[in-house]
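Single-structure report; data block below.
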Amino acid sequence: MTPTTLKAIKGSIRKWVKISNGTGKDQGPDNCPLCKLFHAKKCKGCPVATVTGQIECEGSPYQVWSEFPLEESISSPRSIAIAEAEVLFLKTLLPKKAHT
């Protein structure tokens, strides 16, 4: 894994930690460090796509988040649980020694 990709994973984790604690928001690929690296390449090389075998975060907790009903609050217990699941999923992408 390149240092740039590792930095992007950590940045994406920080994004989702903020979302899960109510201090951040999701703007899709516009504020996702991993998407900034890989979205324009149709996710080729993205660690998420490598694990799920799909593009645009299909097969990850983000897929559930993206299908979240707009009428439901993003601070609801369900939305917080989905955001926390995304954090845990992204942490699995870290190399063993980089779990910080």
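Yes or no: the stretch 56-72 includes at least one residue that is outside any loop (DSSP other than H, G, I, E, B), over 21 Å from Leu6 (Cβ atoms) and aromatic (Phe, Trp, Tyr). Yes; the residues of the stretch 56-72 include at least one that is outside any loop (DSSP other than H, G, I, E, B), over 21 Å from Leu6 (Cβ atoms) and aromatic (Phe, Trp, Tyr).
Look at the stretch 12-27 and say how many of its residues are without any contact (Cβ under 8 Å) to a residue 60 or more places away in the chain and more than 9 Å from the chain's Cα centre (by Cα). Spell out how you get there, then give the answer.
We begin by selecting, within the stretch 12-27, every residue without any contact (Cβ under 8 Å) to a residue 60 or more places away in the chain; these are 14-15, 18, 21-27.
Narrowing further to those that are more than 9 Å from the chain's Cα centre (by Cα): 14, 18, 21-27.
Number of matching residues: 9.
All of Gln54, Gln63 fail the test of being at pLDDT 90 or above and touching a Cys at 6+ places or on another chain (Cβ under 7 Å), apart from Gln63. Residues that are of a type in the set (A, V, I, L, M, F, W, C), in a loop (DSSP other than H, G, I, E, B) and more than 16 Å from Thr5 (Cβ to Cβ) are absent from the stretch 37-45.
Of all the numbered requirements in (1) free of Cβ contacts under 8 Å to residues at least 40 places away in the same chain; (2) surrounded by fewer than 17 Cβ atoms within 10 Å (Cβ to Cβ); (3) closer than 17 Å to Met1 by Cβ, Ala49 misses one, and that requirement is (2).
With respect to the conditions (1) surrounded by 14 or more Cβ atoms within 10 Å (Cβ to Cβ); (2) within 10 Å of the chain's Cα centre (by Cα); (3) assigned to a helix (DSSP H, G or I), Leu88 lacks only one, and its number is (1).
Name the single residue that is nearest to Ile80 (Cα to Cα) among those in the stretch 1-36 being outside any helix (DSSP H, G or I) and small (Gly, Ala, Ser). Walk me through how you get there before you give the answer.
Applying the first criterion (outside any helix (DSSP H, G or I)) to the stretch 1-36 yields 1-2, 21-27, 32.
Still in the list and also small (Gly, Ala, Ser): 22, 24.
Details: Gly22: 8, Gly24: 12 Å.
Selected residue: Gly22.
Going by the conditions given, is Cys32 closer than 12 Å to Leu93 by Cβ and either among the aliphatic types (A, V, I, L, M) or modelled with pLDDT of 95 or more (or both)? First the steps, then the outcome.
On the way: closer than 12 Å to Leu93 by Cβ: no; either among the aliphatic types (A, V, I, L, M) or modelled with pLDDT of 95 or more (or both): yes.
Taking the combined requirement at face value, the residue does not satisfy it.
Arg78 satisfies every condition listed in (1) at positive phi; (2) at pLDDT below 95 except (1).
The values are calculated or read from the model by the stated rules, or taken from the named source; none is laboratory data. These numbers come from a predicted model, not from an experiment. When we count neighbours, we look across all protein chains shown, and the Cβ atoms used for this are built from the backbone with ideal geometry, even at glycine.
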